[in-house]
Amino acid sequence: MAGEAILGAVLAGGLSRRMGGGDKPLRLLDARTILDHVLHRFVPQCDGVVLNANGDPRRLEAYGLPVVPDSVEGFAGPLAGLLAALEWAAAHRPDVSYVVTVPGDCPFLPRDLVARLAGARRAEAARVALAASGERTH
């Protein structure tokens, strides 16, 4: 968006308990990782992307993106990932006006998600925008 640098943050720090543990974003979907699919759709929409993930960051180094762990201990959930992304942006990307987060296990993100969120935020003169579908806020 003109005049608004937007950092994307992929929240991939969960424990994946319902799937037996491990890195859900690194599971395969159509011969590519779910994270590959997420990044393919998300990276072009942002002015930079970071991966929020806990544990050994080397498992994600092939993606060539900064890996930002939660600053809150104990796998506190997606808000801890948002906080980590905001802290990283403040320290490393002072040009960033907004941070958009997406889950690391959502391979079919809208290709215009960031533009739609930015447009809705501007239209409502709001400080934040949240995605919603099916009468449910995400």
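Figure legend. Inter-residue proximity from the range 68-87: first residues over 19 Å from GLY8 (Cβ atoms), second residues open to solvent by 60 Å² or more (accessible area, probe 1.4 Å) and part of a loop (DSSP other than H, G, I, E, B), beta-carbon distance below 9 Å, spacing 6+ or different chains. Indicated pairs: PHE75/LEU15.
Looking at this structure, is GLY3 of a type outside the set (Phe, Trp, Tyr) and either touching a Pro at 6+ places or on another chain (Cβ under 6 Å) or open to solvent by 70 Å² or more (accessible area, probe 1.4 Å) (or both)? For GLY3, the condition - of a type outside the set (Phe, Trp, Tyr) and either touching a Pro at 6+ places or on another chain (Cβ under 6 Å) or open to solvent by 70 Å² or more (accessible area, probe 1.4 Å) (or both) - is met.
You will find that of LEU60, LEU7, LEU15, LEU51, the residue that is assigned to a strand (DSSP E or B), over 22 Å from ARG127 (Cβ atoms) and either modelled with pLDDT of 95 or more or not β-branched (Val, Ile, Thr) (or both) is LEU51 and no other.
For the range 86-138, taking the residues that are part of a loop (DSSP other than H, G, I, E, B) and of a type in the set (A, V, I, L, M), the one that is farthest from the chain's Cα centre (by Cα) is identified as ALA125.
Residue-level analysis places ASP112 among those that are out of contact with any Cys (no Cβ under 9 Å at 6 or more places or on another chain), in contact (Cβ under 8 Å) with a residue 40 or more places away in the chain, surrounded by fewer than 13 Cβ atoms within 10 Å (Cβ to Cβ) and under 20 Å from ILE6 (Cβ atoms). Checked against the criterion of being touching a helix residue (DSSP H, G or I) at 6+ places or on another chain (Cβ under 8 Å), among the β-branched types (Val, Ile, Thr), closer than 12 Å to VAL10 by Cα and in contact (Cβ under 8 Å) with a residue 12 or more places away in the chain, the range 35-44 contains one or more residues that satisfy it. The listed residues are LEU39, LEU130, and the only one of them that is of a type outside the set (Gly, Ala, Ser) and crowded, with 18+ Cβ neighbours inside 10 Å turns out to be LEU39.
The values are calculated or read from the model by the stated rules, or taken from the named source; none is laboratory data. Please read these numbers as outputs of a predicted model, since none were measured by experiment. Here Cβ is always computed from backbone atoms with ideal geometry, including for glycine, and neighbour counts include all displayed protein chains. All accessible areas refer to the heavy atoms of the entire protein, side chains included, with ligands and DNA or RNA removed. Shrake-Rupley method; radii C 1.70, N 1.55, O 1.52, S 1.80 Å.
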